[in-house]
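See structure below.
The values are calculated or read from the model by the stated rules, or taken from the named source; none is laboratory data. In this text, all values refer to a predicted model and were calculated from it rather than measured experimentally. Don't worry about glycine lacking a Cβ; one is built from the backbone with ideal geometry, like all the others, and counts go over all protein chains shown.
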Amino acid sequence: MVNKLFLITTIVYLIIVLIQASGRLSVEYRGLLAILEVGLSIFISYRFAYLGMSISVVTNAIASVHFFRSSMLLSGYIFKNAHQIPDNMMYGASFAPPLLINLAFMRISLVVVSVLVAYISTQNSKQIHKLERIAFIDGLTGLYNHRYFHTLIEEKIEVADSRNSSLGMIMIDIDNFKNFNNTHGRNEGDRLLVKTAQVLFNESKKSDVVSRYGGDDFAVLISETNKNDILWVIERIKKSYKEMTEMQRFPEDTTISIGYSIYPDFANNKEDLITQANSALYQAKNKGKNNVQLYRNIFKEIRAFFNSDENQLFGGIMVLLSTVYAKDRYTFNHSERVMEYSVKTGEALGFDENRLRELKIAALLHDIGKVEVPEEILNKSEPLTGSERSLLRQHPNYSINILEPLADKKSLIDTIKYHHERYDGKGYPHGIKGDEIPLEARILCVADAYDAMLSNRPYRKGMKKEEAIEELLAKSGTQFDPLIVDTFINILLNEKN
């Protein structure tokens, strides 16, 4: 677009210059063209900087030389032929050489103006480029930042759609980076981030997009790719990363975990692609870190094995839970313990096998919505503020949104949705009470609260078993269903005996 505009503008400008040089136009038209010529001269110098300036400088320099030469020739002619020039014309002729000199100086002035305008244009371009770097580039690593990444991924998906091709997204996370920072200091942490960015950039093609997604997370977009191509890139990255850590003398356990997905093979849109690559990354980290994981459609797997293979079903659920475990240290093993308490309570209340199965799944998935809650809130070392508590209380709703693919399992969804409701109607998120709350949700409420009481949190020490039982009894009939509390405590006492 710029080249085309430059060509058209330059041609028009040169045509005007040639018409002016021909001297065939009347004075009034020459004046109008002169104004247009000056305007175009300044425009191309500003719009195209030194390239445009060179056109203006050359044409105006030639014109100034032409006017100087014409002035000298005319002065010589007048001097030699003064006796032949009538007196009534001699006065006007004497003004012609100085006029040509003035025109020459005007052209020289245009040369100076063109140079200044081109310089100003260049400085403005540098400033704009600097501002663009601030807006689009991560200041530490020199990669694209999180904000610009989202612009580029939209553009890449549009290109993939137009070419009927694919787009791969790789998410990379430095394992145990927080511990690395705490142990070796922030400067070493920054150095590791910079070196990681260099590895990713060097192992990517020019057409790839490499960005610092946030903190110690990086993202790479690869156009027109497939699973094998992505794995080849990942192997190169891991090999180069290992060589870099050895050369830079970083600790041996300085590793990276990688997750990836592909549009449109697995993802339907930009949001899906980002979510899936993130989910795959969490799965890779949960496998023991220093791993690579392709996105797995866990909900599809859960649905496939819902009424058949028990091991496959709960294996899929545990993979799904890994996304929460990666963010919330407290959730680790909490869901499994809540499941055990809930199933024992359901058995004591005479649930059949299918009902126990759904209760087991609901207990495992009851905190899945915490994946949408900021990590700093989940792992905060002091009591939560009012606004933070309100945000955390949204996690049952987040769970329902995440579990939308299982929406036809209404009793399962309702158990998760209502497990923070209170028997007296003062719970959340809907404030229902008594028998309005599904029985499974009332069971889950007691099991979840009991395990929370026993667990140590950063801001408080866990209760003893006897203290937790007293708390359940104290809140029986208000927070908890009395039937569930009695059944639950009997189970605990029988286990103790």
Next item on the list: Go through Val194, Val210, Val159, Val233 for me and flag whichever is in the same structural domain as Ile274 (by TED's automatic domain parsing), touching a residue at least 60 places away in the same chain (Cβ under 8 Å) and either surrounded by fewer than 18 Cβ atoms within 10 Å (Cβ to Cβ) or of a type in the set (Ser, Thr, Tyr) (or both).
Entry: Val159
Notebook entry, point to check: What pairs can you find where one residue is in region 343-354 and touching a residue at least 40 places away in the same chain (Cβ under 8 Å) and part of a helix (DSSP H, G or I), the other is surrounded by 13 or more Cβ atoms within 10 Å (Cβ to Cβ) and of a type in the set (Ser, Thr, Tyr), and their Cβ atoms are less than 6 Å apart, with a gap of 6+ or different chains?
Noted result: Thr345/Thr487; Ala348/Thr487
Next item on the list: Identify the single condition in (1) in contact with a helix residue (DSSP H, G or I) (Cβ under 7 Å, 6 or more places away or on another chain); (2) assigned to a helix (DSSP H, G or I); (3) surrounded by 15 or more Cβ atoms within 10 Å (Cβ to Cβ); (4) not acidic (Asp, Glu) that Ala449 does not satisfy, given that it satisfies every other one.
Entry: (1)
Note to self: Can you tell me which of (1) in contact with a Cys (Cβ under 8 Å, 6 or more places away or on another chain); (2) without any contact (Cβ under 8 Å) to a residue 40 or more places away in the chain is the one Leu392 doesn't meet?
What the structure shows: (1)
Notebook entry, point to check: Taking region 427-444 as the search range and keeping residues that are closer than 21 Å to Asp486 by Cβ and part of a loop (DSSP other than H, G, I, E, B), which one is nearest to the chain's Cα centre (by Cα)?
Noted result: Gly427
Next item on the list: Scan Ile484, Ile443 and give me the residue that is touching a residue at least 60 places away in the same chain (Cβ under 8 Å), surrounded by 16 or more Cβ atoms within 10 Å (Cβ to Cβ) and touching a Gly at 6+ places or on another chain (Cβ under 9 Å).
Entry: Ile443
Notebook entry, point to check: What is the one condition in (1) modelled with pLDDT of 95 or more; (2) out of contact with any strand residue (DSSP E or B) (no Cβ under 6 Å at 6 or more places or on another chain); (3) aromatic (Phe, Trp, Tyr) that Phe218 does not satisfy?
Noted result: (2)
Notebook entry, point to check: Do you know which residues across region 138-156 are without any contact (Cβ under 8 Å) to a residue 12 or more places away in the chain and under 30 Å from Glu252 (Cα atoms)?
Noted result: Gly139
Margin query: Here is a check on your reading of the model: is Leu294 surrounded by 14 or more Cβ atoms within 10 Å (Cβ to Cβ) and either at pLDDT 75 or above or farther than 28 Å from Ile174 by Cα (or both)?
Written below: yes
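A quick yes/no check of all residues on (1) modelled with pLDDT of 70 or more; (2) within 30 Å of Gly214 (Cα to Cα); (3) assigned to a helix (DSSP H, G or I); (4) in the same structural domain as Thr10 (by TED's automatic domain parsing):
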| residue | (1), (2), (3), (4) |
| --- | --- |
| Tyr50 | yes, no, yes, yes |
| Ile55 | yes, no, yes, yes |
| Met90 | no, no, yes, yes |
| Pro98 | no, no, yes, yes |
| Val113 | yes, no, yes, yes |
| Ser121 | yes, no, yes, yes |
| Ser125 | yes, yes, yes, yes |
Check: Ser223: in contact with a strand residue (DSSP E or B) (Cβ under 8 Å, 6 or more places away or on another chain) and in the same structural domain as Ile258 (by TED's automatic domain parsing), yes or no?
Finding: yes
Item checked: Hits in region 365-402 - residues which are crowded, with 20+ Cβ neighbours inside 10 Å and modelled with pLDDT of 70 or more -> Leu365, His366, Asp367, Ile368, Gly369, Lys370, His395, Pro396, Ser399
Notebook entry, point to check: Hey, among Thr254, Thr275, which residue is surrounded by fewer than 20 Cβ atoms within 10 Å (Cβ to Cβ) and in the same structural domain as Asp173 (by TED's automatic domain parsing)?
Noted result: Thr275
Margin query: Checking the conditions here, which among Ile237, Ile317, Ile262 is hydrophobic (A, V, I, L, M, F, W, C) and at pLDDT below 90?
Written below: Ile317
